[in-house]
Amino acid sequence: MIKRLFICILVFVLAGSVYSQGLYFDIGFGLGSATTEIDGEDVGDSLGSGVDEVGVDLGLKVGYGPIAGMPLYIAGTLEGIGHRFDDGTNYIQFNSYLLGPSLIVYPIPLIQIAGSIGHSWVSNQSDLPISFHDSESGFAGDLSVALDLGQKNHGFLLGLKYFTSTNTLETSKAEQNSSMLSIFVKYAYRHK
């Protein structure tokens, strides 16, 4: 139910933004250090050495701004992180997603600060004969700081982002906590 409500809000924001003069849009990816815990136990520590870890962040924001002549934008966010463990033979991947509102501010034209909060869910994967379950419910948020290097309405964002999510898994009722600190690059279209 909550997921459907957030999807409806996001579609409303997207539809309104497409026809406005103040369209804000960004899309990009990041790489970094991630941590996943199941009921407080760090998965990386459980697997031991010899396992490669990769953290990937993908994100999309669509919204409107600047608002009332201030360097402030509101947007809807859809993003996710993937935390993968691979020993060369098998893999386990923990995927956490965020759908919700964002607030973006430019304290000076060169610096963008953004934050998002919202509904979270997970979709875990593995090629091992073990069962990973999707989440029942969850909450996620992120905070980012970026340099906005661009001309006119087109920007190139280079920044640092922290993402965190907490979800309850369906069958086991275990709590999955995932977080990631990443360096990201994004293309941004915005009216200044």
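The values are calculated or read from the model by the stated rules, or taken from the named source; none is laboratory data. On a predicted model such as this, the values are computed, not experimentally measured, just so you know. Because the Cβ atoms are built from the backbone with ideal geometry, glycine has one as well, and the counts that use them run over all protein chains shown. All accessible areas refer to the heavy atoms of the entire protein, side chains included, with ligands and DNA or RNA removed. Shrake-Rupley method; radii C 1.70, N 1.55, O 1.52, S 1.80 Å.
Within the straight-line cut-off of under 28 Å between alpha carbons, the lysines reachable from Lys152 are Lys61, Lys161, Lys186, Lys192, sequence neighbours fewer than 8 places apart in one chain being disregarded.
Taking 0.36 nm per intervening residue step and subtracting the Cα-Cα distance, what contour gain separates Asp45 from Ile117 on full extension? Walk me through the numbers before you get to the answer.
Working: separation 72, 0.36 × 72 = 25.92 nm, distance 2.85 nm.
Result: 23.1 nm gained on full extension.
If you keep only loop residues by DSSP, which GluC sites (Glu not before Pro) in the range 104-192 have at most 16 other Cβ atoms within 10 Å of their Cβ?
On the way: sites: Glu136, Glu170, Glu175; in loops: Glu170.
Passing sites in the range 104-192 are Glu170.
Measuring with a 1.4 angstrom probe and ignoring ligands and nucleic acids, Tyr64 comes out at about 100 Å² accessible. Taking a straight Cα-Cα cut-off under 26 Å and skipping sequence neighbours fewer than 8 places away in the same chain, the lysines within cross-link reach of Lys173 are Lys3.
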